[in-house]
Amino acid sequence: DISETIEEPLKRADMAMYQAKSAGRNTVRFFDPKMQAEVNARISLENALREALAQNQFVLAYQAQVRQGTEVSGAEVLVRWKHPQRGMVSPAEFIPLAEETGLILSIGEWALAQSVRQAHEWHQKHPEFKKIAINVSGVQIMKSKFADTVYGILMESECDPSIIELEITESTLMQHTQHVVDTFNQLKL
């Protein structure tokens, strides 16, 4: 295409280079139009994710934890994205990108605050409600003020900390063992 500037082939070469780097050492990648489509899809999803935060499109789903067959003793919190056109977007699609871009910090803090408030309300009305399990991203744990954030949310909600269970992935624990241990030691009451 005669109207193409020199920047276009250079952008394509950059894309191929980054693909090769992410694939490991001693490898070669050639530009493929699918690479451009993947980059465009990622940018589109990231923009939609930012919009979702601004427009409060995230919702929490609670999965009951049952004891002795029928007695609900707690719940696990699941973050869901209710997109206005696409409907419910799978966490497998948006959580990795949210972690990569740092947007998980805002999403996670919102989810934590909402979950703790809900746990407090349920525990007040139903003392048999013993815990709420909240998944926490490794990115959140690595944030230097995570313990302070948790304490602030607990104080604001007046929630009994003993009903809050924070869950992290094994990979986070394995990759950042000392930081995770230090953070959870700060959270001990």
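The values are calculated or read from the model by the stated rules, or taken from the named source; none is laboratory data. Just so it is clear, the model here is predicted, and its values are computed rather than measured. All Cβ positions, even for glycine, are placed from backbone atoms using ideal geometry, and neighbour counts span all protein chains on display. The accessibility values were calculated without ligands, DNA or RNA, using every heavy atom of the protein model including side chains. Shrake-Rupley method; radii C 1.70, N 1.55, O 1.52, S 1.80 Å.
Its DSSP H runs of at least 4 residues, each contributing -39,500 (n - 2.57), put the calculated 222 nm mean residue ellipticity of the chain at -18000 deg cm²/dmol, to the nearest 500. Phi-derived couplings, Karplus 6.51 cos²θ - 1.76 cosθ + 1.60 at θ = phi - 60°, listed residue by residue for region 120-132: 4, 4, 5, 5, 5, 7, 9, x, 6, 6, 9, 6, 10 Hz, with x used for Gly and Pro. In a simple Cβ point-charge model (Lys, Arg +1; Asp, Glu -1; nothing else charged), region 45-134 has a dipole of about 300 debye relative to its Cα centre.
When the pairs Lys143/Lys188; Lys82/Lys125; Lys11/Lys34; Lys82/Lys130; Lys145/Lys188 are compared against a 22 Å limit on Cα-Cα distance, Lys82/Lys125; Lys82/Lys130 fall above it. Counting only protein heavy atoms and a 1.4 Å probe, the chain has 64 square angstrom of accessible area per residue.
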